[in-house]
1. Count, please, the residues in the stretch 150-176 that happen to be among the aliphatic types (A, V, I, L, M) and closer than 14 Å to S253 by Cα.
2. Enumerate the helices (runs of 4 or more DSSP H) found wholly within the stretch 221-338, keeping only those where 3 or more residues are free of Cβ contacts under 8 Å to residues at least 60 places away in the same chain and within 30 Å of F146 (Cα to Cα).
3. Report yes if some residue within the stretch 39-52 is in contact (Cβ under 8 Å) with a residue 24 or more places away in the chain and either polar (S, T, N, Q) or touching a Cys at 6+ places or on another chain (Cβ under 7 Å) (or both); otherwise report no.
4. For the stretch 187-202, state whether one or more residues are without any contact (Cβ under 8 Å) to a residue 12 or more places away in the chain, out of contact with any Pro (no Cβ under 8 Å at 6 or more places or on another chain) and not basic (K, R).
5. I need a count of the residues in the stretch 117-151 that are within 29 Å of the chain's Cα centre (by Cα) and either among the polar types (S, T, N, Q) or open to solvent by 80 Å² or more (accessible area, probe 1.4 Å) (or both).
6. Filter the stretch 167-186 for residues that are assigned to a loop (DSSP other than H, G, I, E, B) and open to solvent by less than 20 Å² (accessible area, probe 1.4 Å); which is farthest from V56 (Cα to Cα)?
7. Of everything in the stretch 100-116, what is open to solvent by 40 Å² or more (accessible area, probe 1.4 Å), among the acidic types (D, E) and touching a residue at least 40 places away in the same chain (Cβ under 8 Å)? Give them in sequence order.
Amino acid sequence: APSPTTAVPYMSVKCIDVRKNHHKTKWLMPWGPNHCEKLKDFDEAVSRQIEANDIVFAVHIPLPSKEMSPWFQFMLFIMQLDIAFKMDNDLKENAEITLDVSLAYRDEMFDDWEEIAHAIEIRKLKCTFGSPKTLESEGRHYDCDFLPFMEIGSVAHKYYLINIRLPVNERKGINVGIGEIKDIRLVGIHQNGGFTKVWFAMKTFLTPSILIIMVWYWRRITLMTRAPVLLEKVIFALGISMTFINIPVEWFSIGFDWTWMLLFGDIRQGIFYAMLLSFWIIFCGEHMMDQNERNRLSGYWKQVGPIAVGSFCLFIFDMCERGVQLKNPFYSIWTTEVGTELAMAFIIVAGICLCLYFLFLCFMVFQVFRNISGKQSSLPAMSKARRLHYEGLIFRFKFLMLITLACAAMTVIFFIVSQVTEGHWKWGDITIQVNSAFFTGIYGMWNLYVFALMFLYAPSHKNYGEDQSNGDLGVNSGEELQLTTTITHVDGPTEVYKLARKEAQE
């Protein structure tokens, strides 16, 4: 697949709005048959006595002779201001710029523009000036950070138009002390159509495969005479959350203007993350064999509770950003000082918690391995056939535990990297290139992992108990034992559970 996203730079065109205050009825086009009257620069505006309030920065998306497509899935826009240094119009400390922004669309080149959104937005300017502020430095540009500008969760139309005004009101102090703005540049980021097609194809292919294994797995459990144990329920719940993330509802976004798809995707991923992290804790806990009363979800409230709280906090954070953007695409939580600090604190805390969680998981896996090694001491006393059978079970279990650790490590890395990638336009200096192999690889890994879990942990229909053991060198049925402390019924749940002799546990 091609890289997941493409960034397209746009330079705004300075238009003269001769019919000011009639914004609703008039849209200013930067080029084409009905293009606006343009200004080369602000010196021309001064010489022609055109006020700042009569100037509109217009950007047409996409560039001439191109069209946008629903396959692009979303549009994210970042703003960069070209601000020149002037002695008599310096950029003051903690300057704020007020933007009067409007967004419109049309599907045919000569249709009328239809408004999507209009808002008055304030952005904080974070700029540095490398040279000393003297007369010789006049005209040099400040080095300014990118500003978050707009995000739309669907690309349902062919053409978009952005009109930006910088209203000046000296009495109210609006757009005063922001330096001499020369140009406004935008960077538009959208998903690549080729990557979208590969992504959709993966989802369409994986959905039935996980559904089939889920049906097979649950049928195996219902055939048992006992009730399902906690681990089996959790594996099934993990399968449901994987199916939820797999179902390719994105196909509808090609035909419908569903701007909430980004938020919906985040919620689906959040549910899966929470389920996966909870499963790993329960999976290790159920194999501890530490004689605690297991097989109850309430026994894991200390570990699962923080995961639930963390997931809820991330959901609230997402609603504050993408939830508000459904009404106002120009809104960003990063625009205010408090919002930025909260968002940064949120992501840092989530990253630290994930790393601590991973270390705790490694410790639990180490304990499980130590317990199983203790069980292995009883293997030499068994008959050859049974010993080989149990050695196979131990190998399979250890293999699954190592795959679990690898999966956990990759998931933690993926979460942190995807947060940094999404945020690097908002923070400035951090840039990470993530290619499509990383996204599709992690997604495929999750599906294979859930598939393998159901396959390996489905209750076995084979019987290695009395039928085979009686003829095996005097080995009696008392050798039958579980790998976890969760099974009390004779009808043991899985082959992986049955491991060593009763003496080993005693």
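The values are calculated or read from the model by the stated rules, or taken from the named source; none is laboratory data. Since the structure is predicted, the reported quantities are computational estimates derived from the model, not experimental observations. Every residue, glycine among them, receives a Cβ derived from its backbone with ideal geometry; neighbour counts consider all protein chains shown. SASA here: full protein model, heavy atoms, side chains in, ligands and nucleic acids out. Shrake-Rupley method; radii C 1.70, N 1.55, O 1.52, S 1.80 Å.
1. Going through the stretch 150-176 one residue at a time, the tally reaches 3.
2. Numbers: elements: 230-246, 252-255, 261-285, 301-318.
Helices (runs of 4 or more DSSP H) meeting the threshold: 261-285, 301-318.
3. no
4. Within the stretch 187-202, the first condition is being without any contact (Cβ under 8 Å) to a residue 12 or more places away in the chain, and the residues that meet it are 201.
Imposing the further condition that a residue be out of contact with any Pro (no Cβ under 8 Å at 6 or more places or on another chain) reduces the set to 201.
Next, only the ones that are not basic (K, R) stay: 201.
Checked the stretch 187-202: at least one residue is without any contact (Cβ under 8 Å) to a residue 12 or more places away in the chain, out of contact with any Pro (no Cβ under 8 Å at 6 or more places or on another chain) and not basic (K, R).
5. Looking only at that region, the number is 4.
6. In the first step, residues of the stretch 167-186 are kept if they are assigned to a loop (DSSP other than H, G, I, E, B); the result is 167-168, 170-173, 175-177, 179.
Checking which are open to solvent by less than 20 Å² (accessible area, probe 1.4 Å) leaves us with 175, 177, 179.
On the way: N175: 14, G177: 19, G179: 18 Å.
Applying the filter and picking the extreme gives G177.
7. Selection gives D107, E108, E115.
Each row is one residue, and each column tells you yes or no for (1) closer than 30 Å to N447 by Cβ; (2) out of contact with any Cys (no Cβ under 6 Å at 6 or more places or on another chain); (3) modelled with pLDDT of 80 or more.
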| site | (1), (2), (3) |
| --- | --- |
| M261 | yes, yes, yes |
| E286 | yes, yes, no |
| Q303 | yes, yes, no |
| S332 | no, yes, yes |
| E337 | no, yes, no |
